[in-house]
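Have a look at the structure below before the remarks.
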Amino acid sequence: MRRQTYIFPKPPSILGSSAVGGKLENEGPLGRCFDKTSDDPYMTAETFEKGESKLQKQALLHLFEKTGLTEQDIDVIFGGDLLNQCTGTTYGVRGFGIPFLGIYGACSTMAEGLIMASAFTHAGYAECAAAVTSSHFCAAEKQYRFPLNYGGQRTPTSQWTATAGGALCVSAKGTAPYVRGFTVGKIEDLGVTDAANMGAAMAPAAWSTVSAFFRDTGMSPDSFDMVLTGDLASVGSRLFCELAEREGVDISARHNDCGKMLYDPDKQDVHAGGSGCGCCAAVLCGHILPQLKTGRLKNVLFAATGALMSPTVSQQGESIPSISHAVWISSESGVKS
């Protein structure tokens, strides 16, 4: 391990992925990338929280259908969400009978899960490992902000929590796309206290991790088709590029953000853009990985970001600590035959 970064000598393979979403996600620019969407925010369940659990279950079922794998083929599953005690995941995957490790990285959870699944398979602890995560606008609003019937006004810097989920599975043997390496992020906290401006809180963590990857590997933005953050949205993306520019790195030409890609801000009232565990999971699993599989994209640095905030502690005046983990995903293994 070179400081924060590890490069796999024999990269694991992402065998397949799936993405599910809600009505707003289906109406966005990436609507065709979803395996399943629903116009019902309850997902035919009794509550929003139970609906989110169904999102995770659906993501896994579509993953199995697309890859031909079964529950018995998965040695371990890494999963998490935004809800207290990760209840969306716990109740979503409980019926599968798969060994389970719950994780929490806020909106960076998919990157964290992908890293752990890749590390487990590379080390030989699992032949096939899965990662799954989700978020739900209504459930997240209840927990982090206000009840939906409160009718609170949203600020221009606020982001829209995606009602979406994504799942993928990793194996030591397989074809493209490959997980070439990863960088584990450090917690960054520059004192932002505005819970309606998560982009500003997370941008420093994103650049800290991405710059660590470049420093540890000797690579640069030009090494990638895309440096994909998530979910900084429009405010955080601008700050991310400014932080890079301060260090003499022009990343703007290669950078994009899941929170900017999932919705059309000119046609959809999402303010600064998307957020939530399901935002970057759906964009990665439904839009990016298929392009890496076909070779349309060669190299992507996926740097998901998370605001590690607690509603209780935020109300006590604490600032918002943030994290970002980066994963290098490629259409080529880099291993010489």
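Every number in this text was worked out from the coordinates using simple rules, so none of it is lab data. Just so it is clear, the model here is predicted, and its values are computed rather than measured. Cβ placement follows ideal geometry from the backbone for every residue including glycine, while neighbour counts extend to all protein chains displayed.
Things worth noting here:
- Two-site label geometry, LYS336 and SER314: point separation in nm, points 7 Å out along Cα→Cβ: 5.1
- Stokes-Einstein diffusion coefficient of the chain, Kirkwood radius over Cα pairs, 25 °C, 0.890 mPa s, in µm²/s: 127
- Each label point was placed 7 Å from the Cα along the Cα-to-Cβ direction; for ARG94 and ALA45 their separation is 1.1 nm.
- J(HN,Hα) series, the stretch 180-192, from Karplus relation 6.51 cos²θ - 1.76 cosθ + 1.60, nearest Hz, glycine and proline x: 7, x, 7, 10, 8, x, 9, 5, 10, 8, 9, x, 5
- Amide N proximity, the stretch 158-176 versus GLU127 label position 7 Å along Cα-to-Cβ, cut-off under 12 Å: 172-173
- For SER38, distant residues with modelled amide H under 5 Å away: GLY21, GLY22, LYS23
- Karplus 3J(HN,Hα) series, Hz, for the stretch 55-61 with 6.51 cos²θ - 1.76 cosθ + 1.60 (x for Gly, Pro): 4, 5, 4, 4, 4, 5, 4
- Rg/Rg_globular for the stretch 235-314, with Rg_globular taken as 2.2 N^0.38 Å and Rg from C-alpha atoms: 1.25
- When both bridge partners sit in the stretch 199-330, DSSP labels roughly 55% of those beta bridges antiparallel.
- Charge sum, other residues only, whose C-beta stays under 13 Å from ALA139's C-beta, Lys/Arg counted +1 and Asp/Glu -1: -1
- Residues of type lysines that LYS54 reaches as a straight line, Cα spacing below 17 Å, ignoring anything fewer than 8 places off in the same chain: LYS23, LYS36
- Between the stretch 87-144 and the stretch 284-306, the alpha-carbon centres lie 18 Å apart.
- Seen from PRO12, the other residues with C-beta closer than 12 Å to its C-beta sum to a net charge of +2, counting Lys and Arg as +1 and Asp and Glu as -1.
- The peptide list 254-263, 129-138, put in order of mean Cβ contacts within 10 Å with the highest first, becomes 129-138, 254-263.
- Tensor-based shape of the stretch 147-265 (alpha-carbon gyration tensor, a/c under 1.5 rounded, otherwise prolate or oblate): oblate
- With the simple model of a label 7 Å out from the Cα in the direction of the Cβ, ALA196 to GLN153 spans 0.8 nm.
- Hydrodynamic analysis of the stretch 178-330 uses the Kirkwood radius over alpha carbon pairs. Inserted into Stokes-Einstein at 4 °C and 1.567 mPa s, it gives a translational diffusion coefficient of 84 µm²/s.
- From phi via Karplus (6.51, -1.76, 1.60), per-residue ³J(HN,Hα) for the stretch 14-23 in Hz, x at Gly/Pro: 8, 6, x, 8, 8, 9, 10, x, x, 5
- Taken over the Cα atoms of the stretch 23-93, the convex hull encloses 104 Å³ per residue.
- Each Cα pair under 8 Å and six or more residues apart adds its sequence gap; the mean of these over the residue count of the chain is a relative contact order of 25 percent.
- Antiparallel DSSP beta bridges within the stretch 5-171, percent to nearest 5: 60
- For the stretch 5-171: rounded, prolate or oblate by the Cα gyration tensor [a/c cutoff 1.5]: prolate
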